[in-house]
């Protein structure tokens, strides 16, 4: 959980604005939360610092689809409201489509393609670059 009196009220507000479920779970121990709630909590901890850049490394891994959608929606909204840059490392194409303004395809550690947002909805383009 996010506990203690050392958290500025503004930081707490950023967390619960992004993930309202954490308001009711504020004092709950993280280990007793679901995987999706733990992922939201991890991102919430980052939001306390009011970052200029957030790196999300496969945030959809092991998370149920509705929570993945919530995370994607909340991150897009956070970017829109605050201008924070979000770098998303992800294999879930639906999450990529929901969040990305630009995508880079990596294969064996090398960037093999740079794709505009529109290309993510082009099935033929995706087949060229991905094993989907």
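Remark: spin-label model distance residue 80-residue 122 equals 2.6 nm, labels positioned 7 Å along the Cα→Cβ axis.
Counting every other Cβ atom within 10 Å of each residue's Cβ, 129, 52 order from fewest to most as 52, 129. When each of the peptides 99-108, 67-76 is scored by how many other beta carbons lie within 10 Å of its residues on average, the order from highest to lowest is 67-76, 99-108. For the range 9-100, just say rounded, prolate or oblate: build the C-alpha gyration tensor, square-root its eigenvalues into a ≥ b ≥ c, call rounded for a/c under 1.5, and beyond that prolate if a/b exceeds b/c, oblate if not. Here the range 9-100 falls in the oblate category. Taking 0.36 nm per residue of separation and subtracting the current Cα-Cα distance, fully stretching the chain between residue 91 and residue 61 would add 9.9 nm. Estimated purely from DSSP H runs of n ≥ 4, each contributing -39500 (n - 2.57), the mean residue ellipticity at 222 nm for the chain is -13500 deg cm²/dmol once divided by its residues. Please state the shape class of the range 1-56: rounded when a/c is under 1.5, otherwise prolate if a/b exceeds b/c and oblate if not, all from the C-alpha gyration tensor. Oblate.
Comparing 109, 44, 62 in a Gaussian network model of the chain, where Cα atoms under 10 Å apart are tied by springs, the biggest mean-square fluctuation is seen for 109. With both residues required to sit in the chain, DSSP beta bridges show an antiparallel share near 55%.
May I ask for the angle, rounded to the nearest 10°, between helix 9-18 and the longest principal axis of the chain, with both axes built from Cα atoms and the value confined to 0 to 90°? With rounding to tens, the tilt is 40 degrees. Compared with the dominant Cα axis of the chain, that is its longest principal axis, helix 65-82 is turned about 80°. Classify the range 63-108 as rounded, prolate or oblate from the Cα gyration tensor: take a ≥ b ≥ c as the square roots of its eigenvalues, call it rounded if a/c is under 1.5, otherwise prolate when a/b beats b/c and oblate if not. Here the range 63-108 falls in the oblate category.
With 0.36 nm allotted per residue and the present C-alpha distance subtracted, the residue 34-residue 49 stretch has 3.0 nm of extension available.
To the nearest ten degrees, helix 35-48 and the longest principal axis of the Cα atoms of the chain are 80 degrees apart.
Values in this text are rule-based calculations from the coordinates and carry no lab data. What you see is a predicted model; the values in this text were computed from it and never measured. Every residue, glycine among them, receives a Cβ derived from its backbone with ideal geometry; neighbour counts consider all protein chains shown.
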